[in-house]
Structure formats: structure tokens, C-alpha cells
Amino acid sequence: MIDVALIYPPWAVLDDRSILQNSLPPLGILSIASYLESKNYSVKIYDIHGQKLEEDDLRKRLREDKPKFIGISVLTNMCIPAHKIAKICKEELPDTPVITGGPHAEALPERMLRNSSIDAVCRGDGEETMLEFVNGLDYEKINGLSFRQGNNVVHTPPRSVSKALDTYPLPSYHLVDFDYYFPAAGSYRNLPAINMLMTRGCPGKCNFCNSAKTTMRSRSPESIVEQIKFLHRTYGIRQVQFYDDTFTAAKNTCLRFCELMEKENLDITWVAYIRGDCFSDKIAAAMKRAGCHQVLIGVETGNPDIAKSIGKPIDRQKYIETIKIARKHDIEVRATFIIGHLGDTWETMCDTLNFAIELDVDLFQLSICTPYPGTQLYRDVVNQGILNSYDWNKYGQGDVLFDQKQLPKEVIFKFERYAFRKFYLRPVVIFRMLKRITSWYHIRDYFRAAIFLLTGHQKKGTGDWACWKDLQEDDFLDLPLLEPSHPRLTYQLRQEATFS
């Protein structure tokens, strides 16, 4: 018997386009696991997504390990498999408390708790909340918790946001098998690769993001460099993928990290996310010397009016300057763009495509605007009555989920195919991709990605995820709890306890 099992559900909805996604260790539950282990609890990780586990695999592990507590991480596109996983857990271990957390669960706690197999929902950071849950503290005394009390849902006050991230030990990487993980195509130079976070939260106000307006805090650069050294020494890691929302927002922290990495002179390459207004020649030079070979920048749109409406009114010239700075220091630029924003038209989407070509970025990532629960975008489309689906299986950034008279969904799909082909079938882009090849892994990734981008079809991965697909959320919501009439925003739920 173990104390705690932490479960990462499958992104089954993304299985068909898996080569364009990464599959990396689930940092959230690995951090919770390490915190619990530091308090002498035994923990196991069931990474259903990474290991492509099936229902029988999960049942077998539950019977063997008999965990006393179970935690399930929930993103929107894995929400319905998470409901099924909770039900399986209760079928196998009826007396084991089940708690869920993650952006989707905290945005819709009442809906999650309509599943009688889920006992509680964690809002915000999970380390301390999970420790108190496992310690057996009364639910009413655990801040940042939502739970049932009769036919009502009780929300305890939000937990104070911890800014002392160095008090948490490094994630429990020893609980997962690195052989199952891989970075996204085009995002790495060396293998094996691992993902990391130096900061949490984001000061940005993007209307499509759950991190908007959440408190930003950081680990010390010294602790991150020690973590990289440990991973390099213990697991042979040679590539780090930083998934901070805005790695360069804390300028001095970023520069100190780069200084330490340069001094260590490790055989490590890395990538990080930046903003167009949080980058400079000094930062780029330091990042390059420290081993950074690529930055990812969220441009999102090439139309100034759309940029303002989505809460990201960064001047176009800033992006142009950022790309020039990166090019000067031989840093690749991977840029993300979104089509189908509220107010978008064929013409404004053309502005986006033309701007991507004008910027001449190395890698062009395009997704369809997706209104995730907890975001301002979700609140807007629900309040306007234009959200066309609550089927969370469709929330993989590949479906059109709200209706706009000026922009039918067929037009968005047509533009998506047109944009990929126009951008990537240019000789300069093909030449750059060929220059970037340093191993057969790159050849494999580009070949598979090209097939998907040109035809829309992707060869299935190994494993059978049929047991996690084609599920309906209503089949698991067996309690008639009252849900709120208006959508809430994530930052309010984490920091302001706004439950009206």
C-alpha cells in the first residue's frame, strides 16, 4: 500500500496530431509528489498520457498499490477521461478520497463535483493543499478547497499565493520513465530533453489564457541551475524546455540565470517563451551565451485592432525588433498565432499570416481560438450566447467552438490549411529547415509534421486509447448540484475568492 497516487489523464483528443505536440513529464503533479515525499509520504505517478496506459493498466495499478489518497490533474481537453478515471478509482477503492486540480477543475469546481467519485477540488497551487488533504485535515480548514456539503458546494477561502518557490524541492523526476517523453517537433536541438519551470503566474492580460493576471513568482536562478546540473548528471539531459509563461519578464532573474549557466559551461541547450515587449539585445546576448538556441513568442495576431481586443496590444514594431535581435544572436524564433478570434475576418486573418511572413520567423505555429473555462474569452462567448459546444473533447485548439456571423467555421478551417501551405512551402523556409537538421530525429519529425500539415492525417501512435475516447461528460455527472449562472475567471478563483 502506498500513501498517494497522482494521475495525469490522457490528451486523447490530440492523439492524431501527437507529433505536433510534446509529451513531457507532468510538472504539476511531479512537484506535488516531491513535496509530499519530503514530508515522508510514499507517492506513485500514473502518467496515462505519457505511457499510453489503458483502463486495465490503471485498474491493475490501483489494485496493486492500494493508494490511501488519489489526486487527478485536469486540463480541459482531458476533463472527460479524468471523470472516467475518478469513477474507476472509486470502483476499485471505494473508501479512497479523490481530489482533482488543474486549470479546468478550479474553473468549474461545481461541475467537477457533480461526479460523485470526486470528493474535492483544489484551487491554485497544489503542494500545501494536497499535504493538508493527505494529513486528514477537515475540509473546512483547508484553504483553496471546494467540496460537497449535502447538496451544496462549499468553497474555502483562497490559499495565500506562495512566493517562496525555493521551499519546494525539485520535481520527483525519479517517479517517471524518461523513455516515454519527447519534445515537440522543431523545438529541440539535442536529446534527451526535459521540461522545467522557473516562474509561476503571468502579469499579462490575454483574454484566452488561464494564467492572465495571476501572481508571478520565481525560483532563484541558483536553484534552477542546480536542478539542471542534477538532471544532466543523473539522467543525461542535454535539452531543457522552459514552459514559463514569460521567461524574460523578470529581467534580473533571467540575466542571473544566464550568468550562472554560462559559468557552469554545461553541454545543455534550451528554449524559452518570451513576449515582444520583454526582450532586449542584452538579454538575447546573455541567453545565447548560456545555451539558448530558440525562443517562442506569442504574437497571436497581425491586426492591431484584434491585438487590442484580446488584451495583448503590443506594437507591431516591437515584434519586428524582437525578431531582429534574435536573428542577430543566432537564436531561432518559433512564433504562435491564433485565428478565429472574436471579431476576426478573412482579412484580419490575412493580416496575421502576412505579418508572420513579414517577421520571417523560423517556425510558424497556428491554432484555432479556443475559449477555455476560466478565461475572459470563455466568459465573453458564454455571455454573448455564441458558444456552440460544451463537449470538452473538442477543446484541443483544432475546432471552432463559438459562432460568428462574419466568420463561418468552414472559412476558418479553409484559412488554416491555406496559411500552413503558404508559409511552409516557401523556399527560404524549406532551406532553413534543412539547415537545422542535425540528427535523424529531426528528419523523422519534419516528415511526419509535413504529412499532417499538408494532408491533415497523422499516423496513430503506439497504444490503444479507444477506452478514453468518445466519452460523454453527462454519463459521469450523477449529482444534481447547482452550477453558477455566470462563468468565473481563474485569477479571481485563485486570489480573490469570487464565487458569486
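The values are calculated or read from the model by the stated rules, or taken from the named source; none is laboratory data. All figures in this text were calculated on a predicted structure; none of them were measured in a lab. Quick reminder, even Gly has a Cβ in these numbers, built from the backbone with ideal geometry, and neighbours come from all protein chains shown. In case anyone asks, the SASA skips ligands and DNA or RNA and just uses the protein heavy atoms, side chains included. Shrake-Rupley method; radii C 1.70, N 1.55, O 1.52, S 1.80 Å.
Only one of these is out of contact with any strand residue (DSSP E or B) (no Cβ under 6 Å at 6 or more places or on another chain), open to solvent by less than 40 Å² (accessible area, probe 1.4 Å) and touching a residue at least 40 places away in the same chain (Cβ under 8 Å): ILE338, ILE325, ILE283, ILE274. Name it.
Numbers: ILE338 fails: out of contact with any strand residue (DSSP E or B) (no Cβ under 6 Å at 6 or more places or on another chain); ILE283 fails: touching a residue at least 40 places away in the same chain (Cβ under 8 Å); ILE274 fails: out of contact with any strand residue (DSSP E or B) (no Cβ under 6 Å at 6 or more places or on another chain).
Going through ILE338, ILE325, ILE283, ILE274 in turn, the sole match is ILE325.
Can you pull out the residues in the stretch 208-244 that are in a strand (DSSP E or B) and in contact (Cβ under 8 Å) with a residue 60 or more places away in the chain?
THR214, THR215, GLN241
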**Request:** Check ASP360 against each of (1) modelled with pLDDT under 95; (2) on the phi < 0 side of the Ramachandran plot and name the one condition it does not meet.
**Result:** (2)
**Filtered residues of the stretch 404-428 (kept if closer than 18 Å to LEU377 by Cα and touching a Leu at 6+ places or on another chain (Cβ under 8 Å))** = GLN404
**Message:** Checking ALA249 against (1) open to solvent by 20 Å² or more (accessible area, probe 1.4 Å); (2) more than 20 Å from the chain's Cα centre (by Cα): exactly one of these is not met. Which one?
**Reply:** (2)
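A quick yes/no check of all residues on (1) open to solvent by less than 60 Å² (accessible area, probe 1.4 Å); (2) free of Cβ contacts under 8 Å to residues at least 12 places away in the same chain; (3) outside any loop (DSSP other than H, G, I, E, B):
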| residue | (1), (2), (3) |
| --- | --- |
| VAL154 | yes, no, yes |
| LYS163 | no, no, no |
| ASP166 | no, no, yes |
| LEU170 | no, no, no |
| ARG200 | yes, no, yes |
**Request:** Output the residues belonging to the stretch 348-399 that are touching a Phe, Trp or Tyr at 6+ places or on another chain (Cβ under 7 Å), open to solvent by 10 Å² or more (accessible area, probe 1.4 Å) and more than 20 Å from ALA307 (Cα to Cα).
**Result:** ILE386, LEU387, ASN388
**Item:** Residues of the stretch 29-51 classified as open to solvent by 40 Å² or more (accessible area, probe 1.4 Å) and either at pLDDT 95 or above or among the acidic types (Asp, Glu) (or both), total
**Value:** 7
**Message:** If I go through the stretch 400-415 residue by residue, how many of them are farther than 16 Å from SER389 by Cα and surrounded by 14 or more Cβ atoms within 10 Å (Cβ to Cβ)?
**Reply:** 5
**Fill in**
Per the list (1) part of a helix (DSSP H, G or I); (2) open to solvent by less than 60 Å² (accessible area, probe 1.4 Å); (3) of a type in the set (Ser, Thr, Tyr), residue check on TYR418 breaks on (2)
**Message:** Just the residues that are surrounded by fewer than 24 Cβ atoms within 10 Å (Cβ to Cβ) and small (Gly, Ala, Ser), please, taken from the stretch 89-119.
**Reply:** SER116, SER117
**Asked** Just one of ASP344, ASP380, ASP360 is in contact with a Leu (Cβ under 7 Å, 6 or more places away or on another chain), over 26 Å from SER485 (Cα atoms) and not aliphatic (A, V, I, L, M); which is it?
**Response** ASP344
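Criterion first (assigned to a strand (DSSP E or B) and either in contact with an Asp or Glu (Cβ under 7 Å, 6 or more places away or on another chain) or surrounded by 16 or more Cβ atoms within 10 Å (Cβ to Cβ) (or both)) does SER187 satisfy it? Spell out how you get there, then give the answer.
Working: assigned to a strand (DSSP E or B): no; either in contact with an Asp or Glu (Cβ under 7 Å, 6 or more places away or on another chain) or surrounded by 16 or more Cβ atoms within 10 Å (Cβ to Cβ) (or both): yes.
Here the answer is no, as SER187 does not meet what is asked.
Does VAL361 count as among the aliphatic types (A, V, I, L, M) and not in a loop (DSSP other than H, G, I, E, B)? Walk me through it before giving the result.
Numbers: among the aliphatic types (A, V, I, L, M): yes; not in a loop (DSSP other than H, G, I, E, B): no.
In short, no.
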